[in-house]
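The values are calculated or read from the model by the stated rules, or taken from the named source; none is laboratory data. What you see is a predicted model; the values in this text were computed from it and never measured. Cβ atoms come from the backbone with ideal geometry, glycine included; neighbour counts cover every protein chain shown.
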Amino acid sequence: MAFHLNFYHEIHKQEERNRRDPVKLAWLGGLVLVICMALWYFYRLSEVSAVEARRNEVRRTWASLEPQGKDATGEEARLLALQKSNEELIARLHGRFYWAPFLEKLAAATPPFVQIVSLTGDLEAGRDKKQMVTVVVRGLSAGAQPRTAAEAYRRSLQESLGGIGTDISVVFDGNSLEDGAETVQFDGQALATASFRLRVQFTPKP
């Protein structure tokens, strides 16, 4: 039977005690904690650097786009004003009055013994923002009784305008119906004349 003696058992015990020394273990733990904190610091530092780089990039982009934004704001105001002007123009076009139907009815209602000397027309806003057409017709009527002929023409004209508007008024403008100083030849006869001025007003149909 073999017999073994260990003369280093005291040294081994001391080494074992050294390995289990609380101070050494605490120092090792602290070292590990410091390393972890250092790694976390560098990780957060890299994140902050990335955020700062992104911020600087956004600032550079904003600096380059800001003048364009100001120009776009000015352009927006110009385009809005242009759009409003176009809308007003379109509204005026949709609500405009066509003179051709009126002139057609005027010509159809004018008999051979009446001559139109001049014609002026105007379109303006009346009551309740409705449009009002005003036409002044200067003319000359001929006949055995030229004043009666002018009155017949006035009534005929008022009746013929019934299809193009409402509130139709055809009246002699003031004391404009007067006997003329000259005669005219009509169907081989010398007829007396009368001058007149008619004021025609009506609200056109929408």
If you scan region 157-171, which residues turn out to be crowded, with 16+ Cβ neighbours inside 10 Å and closer than 23 Å to PRO112 by Cβ? LEU157, GLN158, SER160, LEU161, VAL170
Only one of these conditions is not met by THR134: (1) out of contact with any Ser or Thr (no Cβ under 7 Å at 6 or more places or on another chain); (2) surrounded by fewer than 16 Cβ atoms within 10 Å (Cβ to Cβ); (3) farther than 18 Å from ILE168 by Cβ. Which number is it? (3)
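Of ALA152, ALA190, which residue is part of a strand (DSSP E or B), over 22 Å from THR203 (Cβ atoms) and out of contact with any Phe, Trp or Tyr (no Cβ under 6 Å at 6 or more places or on another chain)?
Numbers: ALA152 fails: part of a strand (DSSP E or B).
The match here is ALA190.
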Every listed condition ((1) hydroxyl-bearing (Ser, Thr, Tyr); (2) touching a residue at least 12 places away in the same chain (Cβ under 8 Å); (3) more than 30 Å from GLY188 (Cβ to Cβ)) holds for THR110 save (3)
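Which residue is farthest from GLY188 (Cα to Cα), if the candidates are limited to region 143-159 and must be of a type in the set (A, V, I, L, M, F, W, C) and under 55 Å from the mean Cα position of the chain (by Cα)? Write out each step before concluding.
So in region 143-159, the residues of a type in the set (A, V, I, L, M, F, W, C) come out as 144, 149-150, 152, 157.
Now drop any that are not under 55 Å from the mean Cα position of the chain (by Cα), which leaves 149-150, 152, 157.
Working: ALA149: 18, ALA150: 21, ALA152: 22, LEU157: 27 Å.
Restricting to residues being of a type in the set (A, V, I, L, M, F, W, C) and under 55 Å from the mean Cα position of the chain (by Cα), the top hit is LEU157.
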Among the residues of region 58-72, is any modelled with pLDDT under 85, among the charged types (D, E, K, R) and assigned to a loop (DSSP other than H, G, I, E, B)? no
Can you tell which of GLY174, GLY162, GLY139 is in a strand (DSSP E or B) and in the same structural domain as PRO112 (by TED's automatic domain parsing)? GLY139
Here the residues within region 172-201 that are farther than 14 Å from GLN115 by Cα and among the small types (Gly, Ala, Ser) are GLY174, SER176, ALA181, GLY188, ALA190
